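Below you'll find the structure, written out as structure tokens, and then a few comments.
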Amino acid sequence: MTLDLPKTTKALILSTAKKSPDDPLFEISIQERPISTLKENEVLVRIAAAAYNYRELWQRKNQYPGIADGSVMGADGAGVVIASGSTKPDDPIVGKRVFLVPMRGWKSDPRGPEEKI
């Protein structure tokens, strides 16, 4: 059985524009974005649940480091792996339920970027 993979996804995108100079929040919009070809060690997850947390609020207030115009928002989510960039045929991760771990890999500062605020 061959699974037809999606070519695009909807994403919540941050714009550094504001409705007015007095508005404390950057604009956000839902946009259709292409899904790039998976690389080795990457997976494609069909998201079933996502969260809008303080991290996203801080991004909209320009209080989170490293955020640029056009950034995709949303770090917390859960879903099912529908494809893998693995060179192994029949990668066992495909079909597994997963949750996103946005803080993984922050070896230089395990407390996260919040310390820079």
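Below, the figures for the structure above:
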read-out	value
Relative packing of 31-37, 82-88, 47-53, which averages over residues the other C-beta atoms within 10 Å, highest first	82-88, 47-53, 31-37
Order by protection proxy (mean Cβ within 10 Å, highest first), peptides 55-66, 10-21	55-66, 10-21
At R0 = 22 Å, FRET efficiency that the Cβ-Cβ distance of Arg97 and Tyr54 yields, to 0.05	0.30
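Every read-out reported here was derived from the displayed coordinates using simple, explicitly stated rules and does not represent laboratory data. Being a predicted model, the structure only gives us computed values, none of them experimental. Positions of Cβ are generated from backbone atoms using ideal geometry, with glycine treated the same way; all protein chains shown enter the neighbour counts.
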